Amino acid sequence: MKGTVFYKILRDHLIDGELEVGKEIAIRLNQTLTQDSTGTMVYLQLEAMGVDSIKTDLSVAYIDHNMLQSGFENADDHEFIRTAARKYGLVFSKPGGGICHQVHLERFAKPGITMIGSDSHTPTAGGLGAIAIGAGGLDVAVGMANGYYYLTVPKAHKVELTGKLSPSVNAKDVILTVLQKLSVKGGVGYIMEYAGEGVKSLSVTDRATICNMGAELGATTSIFPSDENTREFLKRQGREEDYTEIKADDDAEYEEVLQIDLSEIVPLTAQPHSPDAVEEVGNLKTKVDQVAVGSCTNSSYQDMMKVAKFLEGRRVHPDVSLVISPGSSNIIRLLSENGALATFIQAGARILESGCGPCIGMGQAPKSAGVSLRTFNRNFKGRSGTMDAQVYLVSPETAAISAVKGYLTDPSTEDIDLNIPEPESYGQSDNYFIYPSEEGLGKDVVMGPNIKPFPIAVPLTETIDKKVILKTGDNITTDDICPSNAKLLPFRSNIPYLSQFSFKTIVDDFYDRAKENNGGIIIGGDNYGQGSSREHAALIPLYLGVKAVIAKTFARIHRSNLINSGILPLTFVNKEDYDKIEEYDEIVLSDLIESINNDKPIKASIKGKDIEFLVEFSGSDREKEVVLNGGYLNYSKNNKLEV
């Protein structure tokens, strides 16, 4: 991967380790971000670490997920995060300020920096030429406290773009093309680096859309070069001084190359219930009940203006509910000034405040068995808040014309001028930000009654003897493990309460199984734990006594979260052994400490059956120490690098 954009930034930030594929390294962190759905755990963990101040250049705490305040819980979480930001010297972004990734792109991200965020779509900032990685909350807490982050150096996957997109084709269709070709597992273990002449035709917000949904590939992150388009974006945002050119060398080395001609891409949709179930919009004539435009994927000024173009002089179909949530307060201001907001309202759209909203199940659940078109990044079953809803992922152009027609419609059939001029200046307002001050540093945080302590594991023992309390298939998501909807999101600070709803999309009685058996072992298929970065999907099983998850393969962030929490993520040496195991089998894992310390396979046997098989823990020397110590919090207290 020498000579790549990713390599150059890593090289400039390397603190410890060898910059070779597959090796674990530590890099200096410039920035972090959190949002309120995962942020409460981050700041509880920061409190538990007993630090006085943070060591990043900039850390921002956003409120954008749990915006509905139907009870005291969300408001209490917001106050806790606000006071934690005050204590530790973070920027606090108030509710209504915007979606964390869109706002961070506009205001804080810079080419060439390193950043992590407690949200899997943090790679959005890769559109500016930053290394931006989604991570678990404890990784972010330790990153703020110590100023560095550990990662395994990924392989480099070049996506070479040629040609230029047709007018009605969106960057969303580009990333859906990549997902169609590679699948939701195709990016695992890779950094997706975009290059080629086609890059020049894509704006920074186009690039951000593509990087955003690189998370759905399972990639470590995605990145574009920083070029004149980057400079122009930063200039219009009033911070041209943040520009740095970063490009790959002509002889840069990549392990894989995917070539895509942008001119050949047509409007696409991801059908229920996976982002890689991709089909051409023109091949479908599905009746639509709801359309939602927004999210960190497609809520930019350009995307909003394209929607306005399709709605101009028209009305939303009588059978359709259209909801629109712009990505930032600044974008809403611009839309109100240029008349686009009036166009939305005149057409019959519902305007939501600037936040994540429907994308994470916070309101706007479709009707029973309803068809919802969404410009979002995930369409996992139940994520919308309606278990039997049929959610299709589409571009803003497809969403807008479909809202008018009442059925899934190819926007290229419409003769509409989509040449949207950029404002000379996007302007800036700090009225949604609370910046750190000397008088606020060190002040106590405020915690409401819904905020409960998080579970902490004990050091690993030599033997685990537990029943299999759940066996799952492939592509289990963190939404399956910890459901995300408007009823449960207010309890993200309350692991004991949330645990009652774990795996509800798979079985109704996981909580009871765990309690009756005093914990247990989970068996998973391929890509176990894909999706969100939420560490609740590790903390809930930990709270319920889960000691190990044995899977064919793991999604990157969830595997890290399991290690950080003190749960053993083990993989089958022989994947066929998965078929030998049944629910409620009692599995004995022997000689764990010795096997992990010496990189030996771990012996597993099923009590009462003449069945033995091998599993393994594949991790760095540091990760071994983390699991042996019972999680990252225990480990980090006595193990720090000099930055």
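The values are calculated or read from the model by the stated rules, or taken from the named source; none is laboratory data. Only a predicted model underlies this, so the values are computations on that prediction, with no experimental measurement involved. Note that each Cβ is placed from the backbone with ideal geometry, even for glycine, and that neighbours are counted across all protein chains shown. These area figures cover heavy atoms from the full protein model, side chains too; ligands, DNA and RNA do not enter into them. Shrake-Rupley method; radii C 1.70, N 1.55, O 1.52, S 1.80 Å.
Which of the peptides 619-625, 216-222 is most tightly packed, and how do the rest follow, judged by the mean count of other Cβ atoms within 10 Å per residue?
Details: 619-625: 17.0, 216-222: 27.1.
By packing density, highest mean first, the sequence is 216-222, 619-625.
As a test of the formula, what do you get for the chain when each DSSP H run with n ≥ 4 contributes -39,500 (n - 2.57) and the sum is divided by the residue count, at 222 nm and rounded to the nearest 500 deg cm²/dmol?
Rounded to the nearest 500, it is -8000 deg cm²/dmol.
Return the subset of 467/504; 487/575; 185/640 for which the Cα-Cα distance in this structure is over 28 Å, preserving the input order.
Values: 467/504 19 Å; 487/575 38 Å; 185/640 33 Å.
Among 467/504; 487/575; 185/640, the Cα-Cα distance tops 28 Å for 487/575; 185/640.
Would you mind putting 88-100, 175-187 in packing order, based on average other-beta-carbon counts within 10 Å, highest first?
Values: 88-100: 23.9, 175-187: 22.1.
Result, highest mean first: 88-100, 175-187.
For the stretch 331-339, in order, what is each residue's ³J(HN,Hα) by Karplus, 6.51 cos²θ - 1.76 cosθ + 1.60 with θ = phi - 60°, in whole Hz (x at glycine and Pro)?
5, 4, 4, 4, 5, 6, 6, 9, x
Give the carbon-plus-sulfur fraction of the accessible surface of the chain in %, rounded to a whole number; probe 1.4 Å, heavy atoms of protein chains only. Numbers along the way, then the final one.
Values: 10020 of 22630 Å².
Roughly 44 percent, rounded to a whole number.
Set the Förster radius R0 to 60 Å, insert the Cβ-Cβ distance between residue 586 and residue 368 as r into 1/(1 + (r/R0)^6), and round the FRET efficiency to 0.05.
Details: r = 40 Å, r/R0 = 0.67.
In this case the efficiency is close to 0.90.
State the label only: which of [x] 25.3; [y] 29.1; [z] 24.7 corresponds to Kirkwood radius over Cα pairs in Å computed from the shown model?
[z]
Between residue 345 and residue 201, what length in nm is gained on full extension when 0.36 nm per residue of separation is reduced by their alpha carbon distance? Write down the numbers at each step before the final one.
Working: separation 144, 0.36 × 144 = 51.84 nm, distance 3.17 nm.
Gain on extension, residue 345 to residue 201, equals 48.7 nm.
Using the heavy atoms of the protein chains and a 1.4 angstrom probe, tell me the accessible area per residue for the chain in square angstrom. Kindly include the intermediate steps, with their values, before the conclusion.
Working: 22630 Å² over 643 residues.
Normalised by residue count, the accessible surface of the chain is 35 Å².
For a label point 7 Å from the Cα of residue 518 along Cα→C-beta, name the residues of the stretch 445-483 whose backbone N is under 19 Å from it.
456-470
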